[in-house]
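To keep things clear, I will list the structure first and then write my remarks on it.
The values are calculated or read from the model by the stated rules, or taken from the named source; none is laboratory data. Quick caveat, the model's predicted, so the values are computed rather than measured. For neighbour counting, all protein chains shown are included, and Cβ atoms are generated from backbone atoms with ideal geometry for every residue, glycine included. Protein only, heavy atoms only, side chains kept; ligands, DNA and RNA dropped before computing areas. Shrake-Rupley method; radii C 1.70, N 1.55, O 1.52, S 1.80 Å.
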Amino acid sequence: MAVYVDNAGIVFKGKPRHHLTADSLEELHAFCERVGIKRCWFHNTKRHPHYDVTDAQREAAIEAGAVAVSARDLMLKAKALAPAPTEP
């Protein structure tokens, strides 16, 4: 199991933001709680659940063991967390 953080640097409210995800939601939430990332930064999207994090939070996540990956690789990891589509 692992936690991943990207290098997206998407500017929001004048500051770059990055994305954080993991191999499981439980692991993701526990990791964020340990490093002080607020649950309100979690995006529980159907396509790719993730947290948005600042530069400083990204660095703290890496220091705490998160694996730095490209934005594309992170998106693939986050999509794996998304719930499976339900049958109609």
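Tabulated data
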| read-out | value |
| --- | --- |
| Out-of-range pairs (alpha-carbon distance over 20 Å; input 13/77; 46/79; 15/46; 13/46) | 13/77; 15/46; 13/46 |
| Estimated dipole of the chain in Debye, rounded to 20 [Cβ of Lys and Arg +1, of Asp and Glu -1, Cα centre] | 360 |
| Solvent-accessible ranking of 10, 37, largest area first, probe 1.4 Å | 10, 37 |
| Paired Rg and Dmax values of the chain, which use every Cα atom, in angstrom | 12.4, 44 |
